[in-house]
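A.B. asks: My questions will all concern the structure given below.
The values are calculated or read from the model by the stated rules, or taken from the named source; none is laboratory data. Fair warning: this is a prediction, and the values are worked out from it, not measured in the lab. For neighbour counting, all protein chains shown are included, and Cβ atoms are generated from backbone atoms with ideal geometry for every residue, glycine included. What goes into the accessible areas is simple: the full protein's heavy atoms, side chains included, and nothing from ligands, DNA or RNA. Shrake-Rupley method; radii C 1.70, N 1.55, O 1.52, S 1.80 Å.
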Amino acid sequence: YYIISSSILIIQFAKVNSGTKNILIIIENFVILFVELFSAFYSIFIYYYIGSSSDYKIHSNRNFSISEKENFPSVSIIIPTYKEPLAVLSQTIEGALNVDYPKESFEVIIADDTPEGENKELKDFCKKKNVKYIHRENRKGFKAGAINNALKQISTDYVALLDSDHIPTENFLKTCLSGFTNEKIIFVQGKTMFVNQDNYMQRSSAFIHSQFFHIMQKSRATRFGVVFAGTTGVFKTKLVKEAGGFLEDTLAEDTDTSFVLIAKGYKSNYIHEICSNGLVPWTPIGMINQVWRWTYGISQIFVKRTFFVLRGKGSFLNKIDMAVTSVLPAIGVSMWFVNFLILSFNYFLKIPFIRPNIGEVVPLLILAPILIAFANLVMGVITWIREEKEDRMIRLRGFWGGIWTITAFYILMLTAQSFLLWAVISAFLGIKKEFRRTIKKKPKSLGKMSEKIKYSIWSFILLILASPFYYAIVQSFLSFPPDPLVGWFIMSAISLSVPAIITVTYFKELEFLKKARSTKSAADVIREYEGEEK
């Protein structure tokens, strides 16, 4: 009804009005209508994710009891690295060496891109631990290139992948190998637990992954269209080599490779059992850089792979899922423009907004942010309930901690769109960006001074841009009846103000906590929380 009636009203307006101004009115109305419709569609798809994730069952081969097999399949555990702190990486290597698996049936490989001269400590550690060390002279293809280089030099049945800050659990290999239930499955993803949740920023960052595993991955597992998370997964070596290895031309090699493999007809599985303990970025700047890289990489996928995916062999729902995932950053950033269009065209310039009304008073546009906000709230609450059973960090926070984490998470996600604007635009324009690794250690400072100044300036520019929205909010409430679009103005004002609030609250800490910071691994964090729980 909304699509048809809105389109009819816009077209009728075009027939009886002419001129440049009216052309702008028509264009603006159709542009915003498209964003509204996608937002509404994604809201519906969120409910699909939630519903299908509730149908998730662990798809593992219980007849293939690996603990009883005489001949265990051979596995290479590859850990790609680049200038990683040994204090963190060494515990990941130790964890990999101590998985519950016959020693003669697996090997640990470090695929290192660290420049020669900076890698002596790591090379010595690998030699001491009898870990295979593979070094490249260049970073072609970044992380994906390092993995592909290692793939050329192994002949094992399976290859397992770990990030340098993800310490595998003892059950890692056996759990993931049990997920290969048919010949078409090319990889199996295990669940990662993110353990450093000292403040609301870190808890919000960890909550991204909680939703990814509890909702998205469970849903995808019901149709064998799981997306590789970049770590804690096991691949069939022969199949991944036949498929061409990992794609190197985007900065989201894990998602990109997953989409292409599914489009080629392969299947993927997910076992919802904790298989590694990892770290979210320690600092706000680190979090922004990580999400920026994801956004840029996913936007690259939209440009490079959309038609290949839609023409591929994946199921209809898998195609829809992949298409929605790849276009989502662009739609999220476009909302930023929509807010300013609504403010400038409809509020200040008084250009008519052409939509069907409820009772001839309230334009249905006001329902769009309510629909998507409620869908996301439902997903957040369900994720929290599910994760609370598994995550001791969440249990420590209690009920009010859950409310605060979910609220902070969505405010920060809304706020992030303004920082991600250039990520989407540069990906669409084909501007090359270097892979900026996530800092794995807990730094002595929360960021370099140059980065602090850059983000501070950008934050206060956004605060200035928020001022007309605050003005519109005040004027809307002073008028009677209030402007029905005031909800959009409030949402915009909050999203543009939060960066400055974060900058103010963290900037002082950047300078005064230098001596309090130290390098920490996931194992160190777990020990701290175990003490707090006692």
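A.B. asks: Once a ≥ b ≥ c are taken as the square roots of the eigenvalues of the Cα gyration tensor of segment 93-147, is the result rounded (a/c under 1.5), prolate (a/b larger than b/c) or oblate (a/b not larger than b/c)?
C.D. replies: Numbers: a/c = 3.01, a/b = 1.60, b/c = 1.89.
Oblate.
A.B. asks: Grab the beta carbon distance between Asn71 and Asp124, set R0 = 41 Å, and tell me the FRET efficiency rounded to 0.05.
C.D. replies: Numbers: r = 35 Å, r/R0 = 0.85.
Efficiency for this residue pair is about 0.75.
A.B. asks: Relative to the present Cα-Cα distance, how much length would full extension add between Ile11 and Arg311 at 0.36 nm per residue of separation?
C.D. replies: On the way: separation 300, 0.36 × 300 = 108.00 nm, distance 3.31 nm.
Working it through step by step, the gained length comes to 104.7 nm.
A.B. asks: Calculate the spin-label point distance for Ser479 paired with Phe212, positioning each point 7 Å from the Cα along the beta-carbon direction, and give it in nanometres.
C.D. replies: Output for this residue pair reads 4.3 nm.
A.B. asks: Where the accessible area of segment 1-51 is counted over protein heavy atoms with a 1.4 Å probe, how much of it, in %, is carbon and sulfur? Provide the component values of the computation, followed by the final result.
C.D. replies: Numbers: 2180 of 2830 Å².
Within segment 1-51, the accessible surface is 77 percent carbon and sulfur.
A.B. asks: Given N residues in segment 37-152, what is Rg(Cα) / (2.2 N^0.38 Å)? Don't jump to the answer; show the numbers that get you there.
C.D. replies: Working: Rg = 20.1 Å, N = 116, 2.2 N^0.38 = 13.4 Å.
Normalised Rg, Cα atoms only: 1.50.
A.B. asks: Could you give the nm distance between label points at Tyr471 and Glu137, where each point is 7 Å from its Cα heading toward the beta carbon?
C.D. replies: 6.1 nm
A.B. asks: Can you bin segment 110-208 into rounded, prolate or oblate? Criterion: square roots of the alpha carbon gyration tensor eigenvalues sorted a ≥ b ≥ c, rounded for a/c under 1.5, prolate for a/b above b/c, oblate for the rest.
C.D. replies: Working: a/c = 1.79, a/b = 1.13, b/c = 1.59.
Because a/c hits 1.5 or more and a/b fails to exceed b/c, segment 110-208 counts as oblate.
A.B. asks: If I model a spin label at Ile461 and Leu37 as a point 7 Å from the Cα along the Cα→Cβ vector, what separation in nanometres do I get?
C.D. replies: Result for the modelled spin labels: 3.3 nm.
A.B. asks: If you consider only alpha-carbon coordinates, what radius of gyration and Dmax does segment 242-295 have, in Å?
C.D. replies: Computed over the Cα atoms of segment 242-295, radius of gyration and Dmax are 14.5, 40 Å.
A.B. asks: Starting from 0.36 nm per residue, how many nanometres of slack lie between Lys454 and Glu104 once their C-alpha separation is accounted for? Display every interim value, and only then the final one.
C.D. replies: On the way: separation 350, 0.36 × 350 = 126.00 nm, distance 5.14 nm.
My answer for the length gained is 120.9 nm.
A.B. asks: Then there is this: Using only the Cα atoms of segment 157-246, construct the convex hull and provide its projected area averaged over every direction, in square nanometres to one decimal.
C.D. replies: Working: hull surface 26.1 nm².
Value for segment 157-246: 6.5 nm².
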